[in-house]
1. Averaged over its residues, how many other protein chain Cβ atoms are within 10 Å of peptide A:191-204's Cβ atoms?
2. Compute the projected area of the convex hull of the Cα atoms of chain B, averaged over all viewing directions, and report it in nm² to one decimal place.
3. Name the aspartates and glutamates eligible as straight-distance cross-link partners of B:LYS161: C-alpha to C-alpha under 15 Å, and not fewer than 8 places from it in the same chain.
4. Highest GNM mean-square fluctuation, chain A, Cα pairs closer than 10 Å: which of A:PHE192, A:PHE75, A:PHE33?
5. Roughly what angle does helix A:82-107 make with the longest principal axis of chain A, taking Cα atoms, 0 to 90 degrees, to the nearest 10?
6. Between B:PHE202, B:PHE84, B:PHE76, where does the largest GNM mean-square fluctuation fall for chain B, given springs only between Cα atoms within less than 10 Å?
7. What whole-number distance in Å separates the alpha-carbon centres of region B:184-214 and region B:41-99?
8. Kirkwood Rh, region B:171-219, all Cα pairs: how many Å?
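Nothing in this text is a laboratory measurement; each read-out follows from the coordinates by a stated rule. Worth saying up front: this structure is predicted, and the values here are computed from it rather than measured. Counting neighbours? That spans all protein chains shown, and the Cβs are built from the backbone with ideal geometry, glycine included.
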Amino acid sequence: MELSELTPILLQGAWITLKILCLSLPVAGALAFIAGLTRLFAPTPLRQIARVYIEFFRGTSALIQLYWIYFVLPFFGLNLDAMTASVIALGLNIGAYGAEVVRGAVLAVPKGQYEAAVALNFTPWSRLWRIILPQSLINMIPPFGNLAIELMKATSLVSLITIGDLTYKAKTLADATLQVGEIFGLVLLIYFVMAQVMAYLFRLLEARLGRGMDRGGLRS
Amino acid sequence: MIELDWDWDFTWEVLPDLLNAAQITLLATLLGSLLAIGVGLALSLLRRSPSRWISWPVYWVVEFVRSTPLLVQIFFLYYVMPEFGVSLSPMTTGVLALGAHYGAYLSEVFRSGIDGVEKGQWEAARALNLSQFMTYRDIVLPQALRAMIPATGNYIIAMFKETPQLSAITLLEMLQTAKILGSENFRYLEPFTLVGLLYLAFSIIAALGVHQIERRFPKEGFSLR
């Protein structure tokens, strides 16, 4: 097959990869904030649950988590289709890493900011919402960018539970045509371009959110 | 109501096989991390080369390897190398893929570690007429080491956790073994859960090990200030 015939088929796969990415990114982001903030501010039993979640999903492989959710949950009477299982597994996995990013960024806000908010009689909720989170958000962007790229790369795992993503398309095409060199080379290139675009978008976001911020200017 | 029917007999039946497979997993990690450290060190030194003709390509190679999925790289090595007349066993492919992938990550760790050593140390060593090689080996790297150890440890643990991807090229590591045991018996609950728990246990042990190694190095590096 010509390269001009291979490319559209691979781009179809890339579209599915992108779809999984767009579905699991918000799941991961939400879990990161929920688990990260729970670990910092919630009552002790909830804190422990968040901690177990974080340690468990960071301590085992994404692929095992994916297999577990796809193959084992039916034993609990919970049948998930491959797509749902993928989004849940990837979201849970990257969310656990993201939770530590959130925790680190919140802890990095200078203590004086908490004290000032307390002194001004802010409620705990508005302390968090109006003082702490806006400041910590800018610190989260670069590590979140890295995690988003990690998530993009991890989507390749879903090919192993027979979702027709980019990697799956590459594998089946390579099996059928035996043009392994061109196909896998092209696929690596597509992933590379996606990663570069994402890195660029996150740099843009960081510049945008960082505008007008006098970072650490008052602390010196 | 969710009912968990955990089969203990089946558990004891599959556990020895999984522990056997754990040896393959650990071997792949060990060889992979040795290779990754070598690759990482070589790439980081090349990246520091004063010649743009060397440092610029190395930068993009590292960037490329880091931003593409390990699974595709594994497939690439396993299926494309035979085209060049080199057929690799799953184990060799796995070690090469892990070594190259994490070598690229480690090169950045090593580079920043080396950059973190004070410039004066380098100048002093050169003033004492040490060769470039000796300066790196005896002066710069030992000081950079402390800064590099925690991150290197993290990446080796990360590598260990990515070894299940080698099951995709039929390496009989833990996950592949669990998959076979599961499909033979139509029960995935116990084998997959056990593999997850084994990974968790090994990761925790490895993290404690890295922490111990870190503690053996004095806080302020080796400088006498």
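1. Details: counts 6, 7, 2, 2, 6, 3, 0, 1, 2, 0, 0, 0, 0, 0.
Counting Cβ atoms of other protein chains within 10 Å of each residue's Cβ and averaging gives 2.
2. Values: hull surface 67.7 nm².
Approximately 16.9 nm², given one-decimal rounding.
3. A:GLU55, A:GLU150, B:GLU173
4. A:PHE75
5. Approximately 30 degrees, to the nearest ten.
6. Of B:PHE202, B:PHE84, B:PHE76, the most mobile in the Gaussian network model is B:PHE84.
7. 28 Å
8. Working: mean 1/r = 0.0793 Å⁻¹.
Result for region B:171-219 stands at 12.6 Å.
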